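One structure is given here, and the rest of the page talks about it.
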Amino acid sequence: MSDLRLRLARAFDFAAHQVKATIERTPDFSPSYTREGRWKHGGDVWTDWSSGFHAGMMWKIAEHTGSAEWRATAEHYSRLLQRKQHDRSAHDLGFIFIPTYLPWYRLTADPAINDVLVTAGRSLATRYNAKGMYLRSFVAPESLLIDIMMNVPLVFHAAIATEDQLLYDQAVAHCRTTAQTLVRPDGGTAQEAIFDLDTGAFLCQTTEQGFGPHSDWTRGLAWSIYGFATVYTLTSDPTDLAVAERNADHFLSRCPTGTVPPWDFDVLPGPDRIEDTSAAAIAASGLLNLAELSLDPTRATRYRDAAIALLDTLCHDRYLASSTPEWEGVLLHGVYHFQKKFGVDESTIWGDYYFLEAVDKALRLV
Ligand code: GLY
């Protein structure tokens, strides 16, 4: 076994160990971010968007190991989320159901599991603003976030499963509006766009979690790489592939090979410029997906190599918590919301989930 393969395999096993320990310590609890290394702390979550990732890790482990016990646990933790299929108050249903009910459905083709996905997709689509042609964020009716690119595939799933052309067209329109208003010509992204609710006209870019309206909030850029790449698999429209590639090229131009990026590429040098391993993990996983889709072999190799280099870095002691006694997460040095001081320099469950996903994919490549 090569050294890299060994490091990746150890990281996967460590992640499985941490998930098991969290299940035993706090049964039926969905972690979000740690405080001083502990998942359960009663801190503010700002919005409840991350409850699918812990169960999502269980699905990854169940698939990787073939263990019936992990499979039963993944199903149990997924069922705890089922009621959220009706939640129309937030844009995050994709983050909750894509890591959980989608793998469950892919494994079983059970129509009852698909019904949950379709209902969740339709609940999300009720947030469609027809004048502005976007799915509105939880922040305000006039707000569109880059994060929603990770959720819109759930609307596509519902549209395709029920052959609903209107729903499909709304999902496509959301992606076009996002590309026009949030993705800059250089491939960078703003987090938020604001619209005029009377006319639907785009007014300006702004941010919730980034350094500023004109900065590259790193996780948002990673969401865009991953989101547009996923959407391309659903639309086969070269426009979506081109956006994902533009995002990826921009990310790689700002992030030297094998380095973990700061939480915002534009945050000024100094104590606030700290790393975000969750952005690194999402970008690595998105780049591996994009490498499979890109029609240009040179690009594909560049994306794959960059993703593997980033994962290799994340496997070292500075980032992997395996040498940090009592730490409950997998990746150290993640950032949730720097401005609100939630989960700053901590583990995040989405960082852990996308890291596990990317390591699983990399283990099939190296
Ligand atoms: N709300 C999604 C994120 O923090 O990236």
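Listed values for segment 56-66 are Karplus-derived 3J(HN,Hα) couplings in whole Hz (6.51 cos²θ - 1.76 cosθ + 1.60, θ = phi - 60°), namely x, 5, 5, 4, 4, 5, 4, 5, 5, 9, x, and x replaces Gly and Pro.
Once you order the gyration tensor axes a ≥ b ≥ c over the Cα atoms, which shape class does segment 19-97 get: rounded for a/c under 1.5, otherwise prolate or oblate by comparing a/b with b/c? In terms of gyration-tensor shape, oblate.
Taking amide H as placed 1.01 Å from N in the peptide plane, the amide H of ASP276 sits under 5 Å from that of TRP263, each at least 5 places away or on another chain. Dipole check for the chain: with +1 at the C-beta of Lys and Arg, -1 at the C-beta of Asp and Glu, and the Cα centre as origin, the magnitude is about 340 Debye.
Among HIS91, HIS333, a tally of other beta-carbon atoms within 10 Å of each Cβ gives an order, fewest to most, of HIS333, HIS91. Averaging Cα coordinates gives a centre for segment 210-267 and one for segment 322-366; these two points are 18 Å apart.
Note that segment 280-291 has calculated 3J(HN,Hα) couplings of 4, 5, 5, 4, 4, 5, x, 5, 5, 5, 5, 4 Hz, one per residue in order, obtained from phi through the Karplus relation 6.51 cos²θ - 1.76 cosθ + 1.60 (θ = phi - 60°); glycine and proline are x.
Straight Cα distances below 23 angstrom link LYS340 to the lysines LYS40, with same-chain residues fewer than 8 positions distant left out. Annotation: amide H of TYR134 within the under-5 Å range of ASN129, sequence separation 5 or more or interchain, hydrogens built in the peptide plane. On a per residue basis, the convex hull of the C-alpha atoms belonging to the chain measures out at 129 Å³.
After finding the eigenvalues of the alpha carbon gyration tensor for segment 81-201, what semi-axes result from the square roots of 5 times each, listed largest first in whole Å?
Its equivalent ellipsoid spans semi-axes of 26, 14, 13 Å.
Between segment 141-170 and segment 11-66, how far is it from one alpha carbon centroid to the other, in angstrom? Value for the Cα centre distance between the two parts: 27 Å. Note on the chain: GNM, Cα springs under 10 Å; of THR22, THR233, THR206, the largest mean-square fluctuation is that of THR233. For a paramagnetic label modelled on ASP48 (point 7 Å from Cα along Cα→Cβ), amide N atoms under 15 Å away belong, within segment 82-120, to 82-97. Per-residue Karplus couplings for segment 142-158, computed as 6.51 cos²θ - 1.76 cosθ + 1.60 with θ equal to phi - 60°, are listed in order as 8, 10, 10, 10, 4, 4, 5, 4, 7, 9, 4, x, 5, 5, 4, 4, 4 Hz, Gly and Pro entered as x. Amide H contacts of VAL267 (H built 1.01 Å from N, in plane; Pro and chain starts excluded): no residue 5 or more places away or on another chain comes under 5 Å.
Label reach from ARG88 (point 7 Å along Cα→C-beta): in segment 122-156, amide nitrogens under 16 Å belong to 122-130, 135-138, 141. For segment 57-133, the Cα-based Rg and Dmax, in that order, read 13.9, 48 Å.
So how much slack lies between CYS204 and LYS40, counting 0.36 nm per residue of separation and subtracting their Cα-Cα distance, in nm?
Additional length available on full extension: 55.3 nm.
Within the chain, the longest run free of GluC sites (Glu not before Pro) that sit in a DSSP loop with at most 15 other Cβ atoms within 10 Å is 164-325.
Bear in mind these aren't lab numbers, they're just calculated from the coordinates by the rules spelled out. Note that this is a predicted model, so its numbers are computed, not measured. Glycine also receives a Cβ, built like all others from the backbone with ideal geometry; neighbour counts cover every protein chain displayed.
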